[in-house]
Amino acid sequence: MRKQEMKKSDIVFVAFLVVIGLYFYYFYFLVSNISVWIYDLQNCYKNMEFISFLENHLNIFLYLALFFVATFYIFRTFIHGIKSMYGYFQLTSYIKNNLYKKFKNLYIINSDQLVAFNIGFFKRKIILSKPVLDIFSKEERKNVFLHEKGHLLGGDSYKLFIFSILTNLFPKKLGDRLLKDFSLLKEVEADMFCAKERSKIDIANTVLRFYSYKSEPAIPMMNSYLHQRIQFLLGDASYEKIKPETAYLRFSMLLVIFIALSYLFNYCFCNMH
């Protein structure tokens with residue numbers, strides 16, 4: 001894969017982290033002003049008529065609602081992060097206990113299922129199950145290995161791990177969509193890496209054969225995106241047309257506008273300092 005082609009997933013990952021940074025910055029804005037808002041509500045409620053009080057403090061009620069919503073999602077993300085770390089250690093323990101052979105950063109494990117994935121943060125590994133060696137031909141094994149090597153070089157194991165945790169900061173449908181877009185992009189890029197040395201038709205056949213044996217996903221964060229991958233490998237879809245980064249950039253701009261309006265209402269329209 002050419003270096004310039006890797007920039008698409010890098011743009012998406014950086015854009016996502018920018019959104020997360022803005023998210024926490026806005027949460028800091030809400031937390032840092034909450035005591036002032038509550039004090040203002042208490043004092044104004046005593047000295048203003050009820051209707052007038054509501055009309056002049058709608059923005060503060062909105063901020064307080066946003067604070068509670070954001071707090072819920074942050075807490076949910078924290079819990080999901082703990083569960084994900086626990087699942088990660090369970091998985092590493094499973095690999096250790098079922099290790100069949102080891103070749104540098106390639107680990108073969110005993111398993112009844114066909115599995116191929118990456119794991120690790122600093123010391124990343126490719127994990128294949130023994131049935132991959134037993135069922136597939138030498139050429140098919142090369143396709144599987146090169147696809148996983150593409151994931152390895154792209155640091156996809158830790159990026160997807162971080163991504164899957166932080167998407168819990170958003171409503172489920174939005175979080176699932178962001179993760180799906182990023183995961184699909186990573187799968188296609190790994191196929192592109194494999195296609196540097198292998199025929200796309202052969203890769204497509206290997207993908208079809210691999211997932212025809214799968215009964216269910218055995219590994220967390222593992223998604224075949226079979227239809228989209230086959231479309232790409234057969235030339236029915238192009239890499240350039242996969243543009244999930246636009247969703248992140250648009251969402252970032254919306255968040256920036258929302259933060260700007262919040263500051264405008266808070267410090268200009270309401271004269272609160």
| field | Leading residue at positive end of dipole, the chain (Cβ point charges), from 89, 137, 253 | value | 137
| task | Determine how large the accessible area of residue 23 is when every protein chain is in place; take a 1.4 Å probe and give Å² rounded to the nearest 10. | result | 30 Å²
| Running Debye on the chain with equal point scatterers at the Cα sites and no solvent, what base-10 log of I(q)/I(0) appears at q = 0.11, 0.15 Å⁻¹? | -0.72, -1.10
| task | Consider all pairwise Cα distances in the range 81-144 and report the whole-number % of them above 13 Å. | result | 65 percent
| Accessible surface of residue 49 - all protein chains present, 1.4 Å probe, nearest 10 Å² | 140 Å²
| field | R0 of 35 Å, Cβ-Cβ distance residue 28-residue 89: FRET efficiency to nearest 0.05 | value | 0.65
| task | Could you check how much of the accessible area of the chain is carbon and sulfur, as a whole percent, using a 1.4 Å probe? | result | 63 percent
| Quick one: length gained pulling residue 102 to residue 259 fully straight, 0.36 nm per residue minus the C-alpha distance? | 51.4 nm
| note | Sorted largest first, the C-alpha extents of the range 1-139 along its principal axes in whole angstrom are 81, 38, 24
| said: At 1.4 Å probe size, put 134, 202 in order of accessible surface, largest to smallest. | reply: 134, 202
| note | Quick calc: nm separation of the 7 Å Cα→Cβ label points for residue 200 and residue 241 -> 1.1 nm
| How much mean residue ellipticity at 222 nm does the chain get from its helices, if each DSSP H run of length 4 or more adds -39500 (n - 2.57) and you divide by all residues, to the nearest 500 deg cm²/dmol? | -23500 deg cm²/dmol
| For the range 1-126: lysine pairs with Cα atoms under 26 Å, gap of 8 or more or different chains, count? | 19
| task | For residue 243, list the aspartates and glutamates whose Cα falls under 20 Å from its own Cα; do not include residues on the same chain fewer than 8 positions away. | result | 5, 10, 156, 176, 181, 187, 189, 191
| task | Taking only protein heavy atoms into account and a 1.4 Å probe, give the accessible area per residue of the chain in Å². | result | 57 Å²
| field | Between 0 and 90°, nearest 10: helix 3-47 axis offset from the chain longest Cα axis | value | 20 degrees
| Counting only residues 5 or more places away or on other chains, whose amide H sits under 5 Å from the amide H of residue 115 once H atoms are built in the peptide plane? | 129, 132
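The values are calculated or read from the model by the stated rules, or taken from the named source; none is laboratory data. Everything numeric in this text was worked out from a predicted model, so none of it was measured. Glycine also receives a Cβ, built like all others from the backbone with ideal geometry; neighbour counts cover every protein chain displayed. Side chains included, ligands, DNA and RNA excluded: accessible areas come from the protein's heavy atoms. Shrake-Rupley method; radii C 1.70, N 1.55, O 1.52, S 1.80 Å.
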